[in-house]
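The values are calculated or read from the model by the stated rules, or taken from the named source; none is laboratory data. Nothing here was measured: the structure is a model prediction, and the numbers come from that model. We place every Cβ from the backbone using ideal geometry, glycine too, and count neighbours over all the protein chains shown.
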Amino acid sequence: MEKVALFFRDGGIFMYFILAVSAVGIAIMAERWYLLTHRYNVDGRALWKKILKFLQEGNVEQAKALCKDTRVPLMRILHDGLAMSSKGSEHDMQIAIDEAALEIIPTIDKRVPYLATLANVATLLGLLGTIQGLIQAFAAISVADPAQKASLLANGIAIAMYTTAFGLMVAIPMLIVYTLLQAKAQKIIDEIDEFSVKLINHLKKA
């Protein structure tokens, strides 16, 4: 802990701004990771096979029962489509699916784009810290007392190096997680598109 405290003390004020950015980023990453890998995640192909089996048997209610957890985006959309299939026309079913998709899809990758922005902000704050450190170093060379020049120069260089390093330490993992979360969100959206179309096509043929 002492080394961490020294790291922040020697890095200057921008270290704390970068720390604040990292705290916000960690909160977003944790929340999105939980939702996209646990709550929203479902094996779409396996679910569709089960639904299709019940539909081929003419048992729409059992197919709807498989999609009872409407917190899962794919299940919610399939559930709304199945519910409307027994009440209205094909057009009504299409509208129900489209309406559910318009409501749900934006929530899937919600806040994920912020991670790329936060990573860029962390990098830029590190650059600002670098500039601040270099300014201090040059000031030490030009105007400082010769006895203090070495100490002030070392402090300026420390600020420049530490803030750059910390900014990159925050930005690089955040960009990696951003890419992974974006891929997971896109997979869920692609499954919604695929299996909602499969449902509509099957019920049209039925």
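Just a few scattered comments:
- Selection of the stretch 41-52 for residues being under 29 Å from the mean Cα position of the chain (by Cα) and of a type in the set (Val, Ile, Thr) yields only VAL42.
- Counting only helices (runs of 4 or more DSSP H) that sit wholly inside the stretch 69-168, not one has at least 2 residues that are closer than 30 Å to LEU180 by Cα, at pLDDT below 85 and aliphatic (A, V, I, L, M).
- Residue within the stretch 31-39 that is of a type in the set (Phe, Trp, Tyr), within 25 Å of LEU115 (Cβ to Cβ) and not in a helix (DSSP H, G or I) present: no
- Selection within the stretch 49-87 - in contact with a helix residue (DSSP H, G or I) (Cβ under 8 Å, 6 or more places away or on another chain), small (Gly, Ala, Ser) and without any contact (Cβ under 8 Å) to a residue 24 or more places away in the chain: ALA63, ALA83
- Note on the stretch 53-108: residues that are over 20 Å from ARG39 (Cα atoms) and within 30 Å of the chain's Cα centre (by Cα) total 7.
- ALA46 being out of contact with any helix residue (DSSP H, G or I) (no Cβ under 9 Å at 6 or more places or on another chain), over 30 Å from ALA158 (Cα atoms), part of a helix (DSSP H, G or I) and of a type in the set (Gly, Ala, Ser): yes
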